[in-house]
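Asker: Sharing a structure, written as structure tokens. Questions coming.
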There are 2 protein chains.
Amino acid sequence: MKQVIVITGASSGFGALTARALADAGHIVYASMRWTTGSNAPQVAEAARYAKEHGVDLRTVELDVANDVSTNAGIAKIIADNGRLDVVIHNAGHMSFGPAEAFTPEQFAQLYDINVLSTQRVNRAALPQLRKQGRGLVVWVSSSSARGGTPPYLSPYFAAKAAMDSLAVSYAGELARWGIETSIIVPGAFTKGTNHFAHSGAPADGARAAEYDEGPYAGLPDQALKGLAALEPADADAGTVAEAIVKVVGMPFGKRPFRTHIDPSQDGAEIVNGVADRVRAEMFRRIGIEDLLSPRVNG
Amino acid sequence: MKQVIVITGASSGFGALTARALADAGHIVYASMRWTTGSNAPQVAEAARYAKEHGVDLRTVELDVANDVSTNAGIAKIIADNGRLDVVIHNAGHMSFGPAEAFTPEQFAQLYDINVLSTQRVNRAALPQLRKQGRGLVVWVSSSSARGGTPPYLSPYFAAKAAMDSLAVSYAGELARWGIETSIIVPGAFTKGTNHFAHSGAPADGARAAEYDEGPYAGLPDQALKGLAALEPADADAGTVAEAIVKVVGMPFGKRPFRTHIDPSQDGAEIVNGVADRVRAEMFRRIGIEDLLSPRVNG
């Protein structure tokens, strides 16, 4: 069934790959991004070219997830154009690399804004429509770092993704009775195939970072990044994340998995999340709200 | 051995209980809080009275964890007074209650500030001294919600605590080679004995909250809170958290547990964290940085 889908952060990485794969699968896909008439104009043109060449319905829409007004306008345009919105995919995110102590509180706040508050802005803009429909799907592109083994030097990003995963779990229960389904995608570290690592932010407090780099942590950054890359099988492919999302979107309502792990490096998130999701279900049963474990089927 | 200790958010709750218990155990304890000459003046007087009556070294210090300048000044005063600082305890926190969709992004940001950025401000103020000493302890008062079963309607708090726990884990590895030990305290839900639940913040978007309260989620808030309270054994005592912290602080350097769970309701966090901490250790071994699992013993 053809669905109207919005995906955030779709100018590059998982987002761009997923937008195309969903369009290929026959959906009406809005690849949302900021700066569509500025530095992302080439991405807009490329999406249009892809749509024409493949005869698919891939569109772009201006939507800066860091801005309430832009987010509201982007979602409103999609709803105005189609009279509905079926699927929201939270994908926008940004990473930073360096010792935790060398990042300012403001830098931690910025990473929280891009990775977490972004989803809250989109939800507040989109959920009234999904609730009115009594049917919908919210897909969260989380990270295996929220529960798996994590190397040092990625703390602002890991903290934000742990928060984002927690928020996804909270929303799952709070949207179930509105007939809105939740599915969490858990990618492991893909150090190749996206710009995620290459475009990392650096700590603002260079003097503090130098104390680590020239002290007992000399060599650690290289070791951590090479170590992560070495855990990754040679055939690890970021496209498998896009494929997983297409599969989830295509499944029947109410039958989608709560989580899908795509982690070639096997950092352990899958087993930890498995236990965590079971203890959550147990708590819901203990306090008599087990109906929140599945989306209600309306009308 | 007598240690110089600072604990944040010590005007009430776990913080006040812990400050007294640590002073009773013979340490020099700084109960830090904001507004020491304003609305917390009675707490300052009470701490002084307690110190005198019990003949212990319980002091108070002005330290607003939401403010860089205040945090730097509070930590600097402690170091100036004692020539050292041995233990930092991150305890300050605040909760909110309501449907996720009804909180503004700004409210999510505020909860992140109080629960997470607070620890970053204190760390940036205190860690240079601990690193200089080549010895120290950082204790994080996390929450079982970061990994255990979680009821609905506490999303901004749960997201922030998940981030705080993630940050504690990142810092643990990044401080180990400086000779700084990390110990994470994981309290479950204590609905009595602190003001944590009673002083919860409410969603700013009342109209959106009303859609939930008057719609399919009517009755849910009451059910969630009563359910949580019902999981709690009658003898659950917030004082056991303070006792656990005193025990951790009193243990020999390098022998302290990475985590201590104090969760009378048994929400499952203990088993999930057990698995998570094992997969973390496994990753460190796989990439050759297993020395980061324990604090280095300096000279």
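The values are calculated or read from the model by the stated rules, or taken from the named source; none is laboratory data. Because the structure is a prediction, the values reported are computed rather than measured. For neighbour counting, all protein chains shown are included, and Cβ atoms are generated from backbone atoms with ideal geometry for every residue, glycine included. SASA here: full protein model, heavy atoms, side chains in, ligands and nucleic acids out. Shrake-Rupley method; radii C 1.70, N 1.55, O 1.52, S 1.80 Å.
Asker: Place the label 7 angstrom along Cα→C-beta at A:ASN298 and in each other copy, then list the distances from the first to the rest in nm, shortest first.
Answerer: Here A:ASN298 shows inter-copy label distances of 6.0 nm.
Asker: Near B:ASP68, within a Cβ-to-Cβ distance under 11 Å, what is the net charge of the other residues, with Lys and Arg +1 and Asp and Glu -1? Walk me through the numbers on the way to the answer.
Answerer: On the way: positive: B:ARG121, B:ARG124; negative: A:GLU106, B:ASP64.
Here the charged neighbours net out to 0.
Asker: Sticking with this structure for a sec: For the stretch A:44-136, what does the relative contact order come out to in percent, with C-alpha contacts under 8 Å and a separation of six or more? Can you show the working numbers first?
Answerer: On the way: 71 pairs, mean separation 30.4, N = 93.
Computed value for the stretch A:44-136: 33 percent relative contact order.
Asker: Something else now. Size of the dipole of the stretch A:4-293 about the Cα centre, Lys and Arg at +1 and Asp and Glu at -1 on the beta carbon, nothing else charged, in debye to 20?
Answerer: On the way: 26 positive and 31 negative charges, 243 e Å.
That gives a dipole near 1160 debye.
Asker: Please give every one of the lysines within straight-line cross-link reach of B:LYS2, meaning a C-alpha to C-alpha distance under 25 Å, and leave out same-chain neighbours fewer than 8 residues apart.
Answerer: Output for B:LYS2: B:LYS52, B:LYS77, B:LYS132, B:LYS247, B:LYS255.
Asker: Which far-off residues, 5 or more places away or on another chain, put their amide H under 5 Å from the one on B:ILE262, with H placed in the peptide plane?
Answerer: Hits under the 5 Å cutoff: B:VAL186, B:GLY188.
Asker: How far, in nm to one decimal, is A:LYS192 from itself in the other copies if the label point is set 7 angstrom along Cα toward Cβ? Shortest first, please.
Answerer: Ordered by distance, the counterparts are at 6.0 nm.
Asker: If you take the charge dipole of the stretch A:4-293 about its Cα centre, with +1 on Lys and Arg Cβ and -1 on Asp and Glu Cβ, which of A:GLY201, A:SER170, A:SER12 is farthest toward its positive end?
Answerer: Positive-end residue among those listed: A:SER170.
Asker: Which whole number gives the average, over all residues in B:212-219, of C-beta atoms from other chains lying within 10 Å of the residue C-beta? Before the final figure, lay out each step's value.
Answerer: Working: counts 4, 0, 0, 3, 10, 7, 1, 0.
The mean count of partner-chain Cβ atoms within 10 Å per residue comes to 3.
Asker: Once you order the gyration tensor axes a ≥ b ≥ c over the Cα atoms, which shape class does the protein assembly as shown get: rounded for a/c under 1.5, otherwise prolate or oblate by comparing a/b with b/c? Before the final figure, lay out each step's value.
Answerer: Numbers: a/c = 1.94, a/b = 1.47, b/c = 1.32.
Cα axes put the protein assembly as shown in the prolate bin.
Asker: Something else about it: List the residues of the stretch B:122-140 that lose 30 Å² or more of accessible area once all protein chains are present, compared with their chain alone (1.4 Å probe, heavy atoms only, no ligands or nucleic acids).
Answerer: B:ARG124, B:ARG131
Asker: Given a 1.4 Å probe and the protein chains all in place, what does the accessible area of B:SER265 round to, in Å² to the nearest 10?
Answerer: Counting only protein heavy atoms, B:SER265 exposes about 10 Å² to solvent.
Asker: Which residue fluctuates the most in chain A, going by a Gaussian network model with Cα springs under 10 Å, if the choices are A:ALA204, A:ALA172, A:ALA163?
Answerer: Result: A:ALA204 has the largest fluctuation of those listed.
Asker: In whole Hz, with x marking every Gly and Pro, tabulate ³J(HN,Hα) for the stretch B:215-225 from phi via Karplus 6.51 cos²θ - 1.76 cosθ + 1.60, θ = phi - 60°.
Answerer: These are the phi-based 3J(HN,Hα) values: x, x, 9, 4, x, 5, x, 4, 5, 5, 5 Hz.
Asker: Tabulate in residue order the Karplus-calculated ³J(HN,Hα) for the stretch A:227-239, using 6.51 cos²θ - 1.76 cosθ + 1.60 with θ = phi - 60°, rounded to whole Hz; enter x for Gly and Pro.
Answerer: Result, ordered by residue: x, 4, 5, 5, 6, 8, x, 4, 8, 4, 9, 4, x Hz.
Asker: Next question, about the same structure. Can you give the angle from 0 to 90° between the axis of helix A:118-133 and the longest principal axis of chain A, with both taken from C-alpha atoms, to the nearest 10?
Answerer: For A:118-133 against chain A, the angle is about 10 degrees.
Asker: If each DSSP helix of 4+ residues adds -39,500 (n - 2.57) and the sum is divided by the residues in the protein assembly as shown, what number results at 222 nm, nearest 500 deg cm²/dmol? Don't skip to the end; give the middle numbers.
Answerer: Numbers: 20 runs with 272 residues, N = 598.
Taken over the protein assembly as shown, the calculation gives -14500 deg cm²/dmol.
Asker: Kindly identify residues of the stretch A:163-180 having a loss of at least 20 Å² in accessible area between the isolated chain and the assembly of all protein chains, probe radius 1.4 Å.
Answerer: A:ALA163, A:SER166, A:LEU167, A:SER170, A:TYR171, A:GLU174, A:ARG177, A:TRP178
Asker: List the residues whose amide H sits under 5 Å from the amide H of B:THR60, counting only those 5 or more places along or on another chain, with H placed 1.01 Å from N in the peptide plane.
Answerer: When sequence neighbours closer than 5 places are left aside, the close amide H contacts are B:ALA31.
Asker: Within the stretch A:263-299, which GluC sites (Glu not before Pro) sit in a loop by DSSP and count at most 11 neighbouring Cβ atoms inside 10 Å?
Answerer: Working: sites: A:GLU270, A:GLU282, A:GLU290; in loops: none.
Answer by residue number: there is no such site.
Asker: How much FRET efficiency would the formula 1/(1 + (r/R0)^6) give for A:HIS199 and A:GLN133, where r is the Cβ-Cβ distance and R0 is 35 Å, rounded to 0.05? Numbers along the way, then the final one.
Answerer: Values: r = 36 Å, r/R0 = 1.03.
For R0 = 35 Å, the calculated efficiency reads 0.45.
Asker: For the protein assembly as shown, what % of the accessible area comes from carbon and sulfur atoms, probe 1.4 Å?
Answerer: On the way: 11390 of 21550 Å².
Answer for the protein assembly as shown: carbon and sulfur cover 53 percent of the accessible area.
Asker: Find out how many positive minus negative residues lie around B:GLY26, taking Lys and Arg as positive, Asp and Glu as negative, among other residues whose Cβ is under 10 Å from that of B:GLY26. Provide the component values of the computation, followed by the final result.
Answerer: On the way: positive: B:LYS2; negative: B:ASP24, B:ASP57.
Charge balance near B:GLY26 sits at -1.
Asker: Around A:GLY93, under 13 Å between beta carbons, what's the net of Lys plus Arg minus Asp minus Glu among the other residues?
Answerer: Values: positive: A:LYS161; negative: A:ASP113, A:ASP165.
Surrounding charge for A:GLY93 is -1.
Asker: Same structure again: Using a 10 Å cut-off around each Cβ of peptide A:142-153, what is the average number of partner chain Cβ atoms that fall inside? All intermediate terms of the calculation are to be shown ahead of the outcome.
Answerer: Working: counts 0, 0, 1, 3, 6, 9, 5, 13, 9, 8, 11, 3.
Averaged over the peptide's residues, the number is 6.
Asker: Would you mind checking the tilt of helix A:155-175 against the longest principal axis of the Cα atoms of chain A, expressed as 0 to 90 degrees and rounded to 10?
Answerer: Result, in degrees: 20.
Asker: Ok, one more. Pairing the Cα long axis of helix A:68-82 with the longest principal axis of chain A, what angle in degrees results, from 0 to 90 and rounded to the nearest 10?
Answerer: 30
Asker: If you plug each phi of the stretch B:199-204 into the Karplus form 6.51 cos²θ - 1.76 cosθ + 1.60 with θ = phi - 60°, what whole-Hz ³J(HN,Hα) values come out, in order, with x for Gly and Pro?
Answerer: 8, 4, x, 10, x, 6
Asker: What is the stretch B:4-293's relative contact order, in percent, from Cα pairs under 8 angstrom and six or more apart in sequence?
Answerer: Details: 501 pairs, mean separation 59.4, N = 290.
Here the relative contact order equals 20 percent.
Asker: Please report, for A:ASP222, the nm distances (one decimal) from its label point, 7 Å out from Cα along the beta-carbon direction, to the equivalent points in the remaining copies, shortest first.
Answerer: In nanometres, ordered from closest: 6.5.
Asker: For a quick check: with amide H placed at 1.01 Å from N, whose amide H comes under 5 Å from B:THR182's, ignoring anything fewer than 5 positions away on the same chain?
Answerer: HN-HN under 5 Å from B:THR182: B:VAL138.
Asker: Taking springs between alpha-carbon atoms closer than 10 angstrom, which of A:ILE185, A:ILE262, A:ILE79 fluctuates most in the Gaussian network model of chain A?
Answerer: Residue with maximal mean-square fluctuation among A:ILE185, A:ILE262, A:ILE79: A:ILE79.
Asker: Can I ask one more? What whole number of Å gives the distance from the Cα centroid of the stretch A:41-98 to the Cα centroid of the stretch B:272-297?
Answerer: 39
Asker: Right, something else. Let me know the mean shielding of B:205-211 by other chains, meaning the per-residue number of their Cβ atoms within 10 Å of its Cβ. Each step should come with its number before you reach the end.
Answerer: Numbers: counts 1, 0, 0, 3, 0, 0, 4.
Other-chain Cβ atoms within 10 Å of each residue's Cβ, averaged: 1.
Asker: Before I look further, what does the protein assembly as shown give for accessible area per residue, probe 1.4 Å, in whole square angstrom? Walk me through the numbers before you get to the answer.
Answerer: Values: 21550 Å² over 598 residues.
Solvent-accessible surface per residue comes out at 36 Å².
Asker: Note the buried accessible area between B and A here, summed over both chains, with a 1.4 Å probe, in Å² to the nearest 100. Let's see the in-between values first.
Answerer: Numbers: alone 13880 and 13900 Å², together 21550 Å².
Result for this pair: about 6200 Å² buried.
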